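The values are calculated or read from the model by the stated rules, or taken from the named source; none is laboratory data. Just so you know, these numbers come straight off a predicted model, no measurement behind them. Don't worry about glycine lacking a Cβ; one is built from the backbone with ideal geometry, like all the others, and counts go over all protein chains shown. Note: areas computed on protein heavy atoms with side chains; ligands, DNA, RNA excluded. Shrake-Rupley method; radii C 1.70, N 1.55, O 1.52, S 1.80 Å.
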Amino acid sequence: MVSGRTFIQNPGPTNIPDRVLRAMARPAIDFGTTEFSVLLDSCLMRLNNHMRNSGPLIGYTSTGHGAWEATVTNLFDTGARVLLCDSGHFSHRWGEMCEAHGLDVTWFETGWQQGVDSDALRDVLATDAGRRVEGVLVAHTETSTGVTSDLAAIRTVLDDLEHPALLVVDSIASFGCTPLEVDALGVDACLAVSQKGLMMPIGLAFTGISDRAVAAAYANKRGRFYWDWRRRLEAEGYRMFCGTPPIHHLFGLDEALCMIAEEGGIDAVTNRHRRLADAVRAAVEVWSEAGALKFNATKAKERSDSVTCVRLAENYDADKVVAVARQRFNLSMGSGIGPLAGSAFRIGHLGDLNVPMLLGALGAVEASLRACRVPIGTGGLEVATTMLSEVSS
Ligand SMILES: *Cc1c(COP(=O)(O)O)cnc(C)c1O
C-alpha cells in the first residue's frame, strides 16, 4: 500500500516524532560556544536524572555495540573473569565481544524463554570463593526474546553473598520503557542508546556509571583511546565525544527530553509503556487460545514492556506473517532471531507510541495472521481496545 504511514513496530529503530526530526533540521552551531556546552550539559543531566544515577554519564557517537565495547574495555582488563547472563541473541553477542577482548567469560545460560533465575545465579556465584568474578553482565530486556530480567533479584544475590562484582546492565531496550533506578539497584554501569525508547535516530549511546566503575576504569591498565572514559571524563564538555560532537543528535535529544518532560516525566512514560504492553499481551493471550501461537517468554511477569515475542506452532511460517504485514499492511515488525528464526515474530511497542497507533498495529498484526491462515480465534483486538478504553490516562 502506498497511501498512509508505514507503521514501524520494530523493537528498534523506533518511530521518530516529527518534532524531533524538525529540531534536527537546522544548521550546525559552533561547538566551542556556550550555547553548545549548555545544550550538552543539560541533555546529559536530564538523561542521567532519568536513569536515577548520581555518578557520571558518558556519551558516545555510536551504536549500542559501541557502548558495549566502551563499557567492557574500561571496566575489565584482559584476563578478567566476568559472568555473562546469556538470555538471548544480544546478550550472547555481548559475551562474544568480551571474549574478543580477552576476558575470561563464564556463560550463565538462562534459556531463550526466561530471564536470569536468581537462585541459579546464587548457586554459581556462591562457588566463586576467591571472588574472581569481576563483573556480572546482564541485558535488562533481551530484545530477541521479549524477556525482562529482575535486576533487584540479581542485586540481592550479590548483596547476600557480599560479592564485590560490578553489576553491568544493558538497558538498551528497556531505558525509558521499564523503570530502572541505577543508584537504588547498585548498578555500576547502565547502557542506553538513542534509537529505542528515546525516539531518536541511531547514533548516540550512553553509559551511566557509579563511582566504583570510575575507580575500576582508572585502575584498569588496558590500552584504549576512543572509548577511554578517563579521556572523556577529564576533557571539557564539548570534547567528551572524542572528536567533533554529534551536534544535530543533541538538538534531537533535547527535543525528545522536552517531550518526556511534557508527558509528565520518565515515570509517566514508563507507565504508558506498561499500559500499551498490557494491551498487546491481552491480545496475544486471546490469539493463543486457538493453539497456533504463544508467548516466547514463559513467565508472565518477565514479559517485556518494550517488545513482545510471539512464537508460532511448527506448521506456520512466521517470516511469511512478517512479510505479509510489511507488504500488504504497511506494518514493519521484527522477525525471529537465531533459534527463533522463521518461527517467531516480534512486536515492538516502545518509544513514540499512543493508543490509536498501537491499536492500528495490533489490527494489522491480526489481519496478517488471518491472511496467513494462522488460527487466532476472535476478539484479540477487541480485548485490547476494551482494556485501553478502561485505563484512565
Ligand atoms: C538493539 C540492542 C542492542 C544493539 O544496539 P545497536 O545500536 O544495534 O548496536 C544491544 N542490546 C540490546 C538489548 C538491544 O536491544
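Return the only residue of 127, 14 being farther than 30 Å from residue 347 by Cβ and of a type outside the set (Phe, Trp, Tyr). Break it down stepwise before answering.
On the way: 14 fails: farther than 30 Å from residue 347 by Cβ.
The match here is 127.
Here residue 116 fulfils each of the conditions (1) away from the ligand (no atom under 16 Å from the Cβ); (2) buried (at least 17 other Cβ atoms within 10 Å of the Cβ) apart from (1).
All told, residue 132 falls short of being in the same structural domain as residue 179 (by TED's automatic domain parsing), more than 16 Å from the ligand (Cβ to nearest atom) and out of contact with any Lys or Arg (no Cβ under 7 Å at 6 or more places or on another chain).
Outside any loop (DSSP other than H, G, I, E, B) and assigned by TED's automatic domain parsing to the domain that holds residue 23: is that true of residue 285 in this structure? Before the answer, list the steps.
Values: outside any loop (DSSP other than H, G, I, E, B): yes; assigned by TED's automatic domain parsing to the domain that holds residue 23: no.
It is false that residue 285 is outside any loop (DSSP other than H, G, I, E, B) and assigned by TED's automatic domain parsing to the domain that holds residue 23.
Within the set 150, 160, the sole residue that is assigned by TED's automatic domain parsing to the domain that holds residue 46 and farther than 28 Å from residue 270 by Cα turns out to be 160.
Identify all residues within the stretch 2-29 that are in contact with a helix residue (DSSP H, G or I) (Cβ under 7 Å, 6 or more places away or on another chain) and outside any helix (DSSP H, G or I); write none if there are none.
Looking only at the stretch 2-29, we keep the residues that are in contact with a helix residue (DSSP H, G or I) (Cβ under 7 Å, 6 or more places away or on another chain), and these are 7, 9, 17, 19-20, 23-24, 26, 28-29.
Within the stretch 2-29, 7, 9, 17, 26, 28, 29 qualify.
Just to be sure before I move on: is residue 51 over 16 Å from residue 203 (Cβ atoms) and either touching a residue at least 40 places away in the same chain (Cβ under 8 Å) or of a type in the set (S, T, N, Q) (or both) in the structure I sent? So residue 51 passes the test.
Only one of 202, 260, 266 is modelled with pLDDT of 95 or more and in contact with a Gly (Cβ under 7 Å, 6 or more places away or on another chain); which? Walk me through how you get there before you give the answer.
Details: 202 fails: in contact with a Gly (Cβ under 7 Å, 6 or more places away or on another chain); 260 fails: in contact with a Gly (Cβ under 7 Å, 6 or more places away or on another chain).
Within the list 202, 260, 266, the selection yields 266.
Residues checked against (1) among the acidic types (Asp, Glu); (2) open to solvent by less than 30 Å² (accessible area, probe 1.4 Å); (3) in a strand (DSSP E or B); (4) not assigned by TED's automatic domain parsing to the domain that holds residue 269:
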residue: 321; (1), (2), (3), (4): no, yes, no, no
residue: 326; (1), (2), (3), (4): no, no, no, no
residue: 334; (1), (2), (3), (4): no, yes, yes, no
residue: 352; (1), (2), (3), (4): yes, no, no, no
residue: 360; (1), (2), (3), (4): no, no, no, no
residue: 367; (1), (2), (3), (4): no, no, no, no
residue: 376; (1), (2), (3), (4): no, yes, no, no
residue: 387; (1), (2), (3), (4): no, no, no, no
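Cβ separations smaller than 6 Å between residues 6+ apart or across chains give the following pairs from the stretch 7-19 residues that are under 11 Å from residue 200 (Cβ atoms) to residues that are more than 15 Å from the ligand (Cβ to nearest atom) and open to solvent by 10 Å² or more (accessible area, probe 1.4 Å): 15/352; 17/352. Looking at 106, 73, 127, 78, just one residue is within 16 Å of the ligand (Cβ to nearest atom) and either of a type outside the set (D, E, K, R) or buried (at least 23 other Cβ atoms within 10 Å of the Cβ) (or both), and that residue is 73.
Test of understanding: among 59, 55, 111, which residue is touching a helix residue (DSSP H, G or I) at 6+ places or on another chain (Cβ under 8 Å), away from the ligand (no atom under 16 Å from the Cβ) and not in a helix (DSSP H, G or I)? Explain how you work it out, then say what you get.
Numbers: 59 fails: away from the ligand (no atom under 16 Å from the Cβ); 111 fails: touching a helix residue (DSSP H, G or I) at 6+ places or on another chain (Cβ under 8 Å).
Step by step, each of 59, 55, 111 is checked, and only 55 is touching a helix residue (DSSP H, G or I) at 6+ places or on another chain (Cβ under 8 Å), away from the ligand (no atom under 16 Å from the Cβ) and not in a helix (DSSP H, G or I).
Here is the figure for the stretch 7-46: residues that are within 16 Å of the ligand (Cβ to nearest atom) and either open to solvent by less than 40 Å² (accessible area, probe 1.4 Å) or closer than 17 Å to residue 61 by Cα (or both) total 7.
Residues of the stretch 306-319 include at least one that is free of Cβ contacts under 8 Å to residues at least 12 places away in the same chain and outside any helix (DSSP H, G or I). Name the single residue, out of those in the stretch 81-102 being open to solvent by 10 Å² or more (accessible area, probe 1.4 Å) and part of a helix (DSSP H, G or I), that is farthest from the ligand (Cβ to nearest atom). Per the stated criteria, the residue is 99. Among the residues of the stretch 189-234, the ones that are in a loop (DSSP other than H, G, I, E, B), free of Cβ contacts under 8 Å to residues at least 60 places away in the same chain and more than 16 Å from the ligand (Cβ to nearest atom) come to 2 in all. Scanning the stretch 130-143 for residues that are among the aliphatic types (A, V, I, L, M) and surrounded by fewer than 23 Cβ atoms within 10 Å (Cβ to Cβ) gives a single hit, 133. Looking only at residues that are surrounded by fewer than 17 Cβ atoms within 10 Å (Cβ to Cβ) and among the hydroxyl-bearing types (Ser, Thr, Tyr) in the stretch 173-227, which one is farthest from residue 158 (Cα to Cα)? It comes out as 226.
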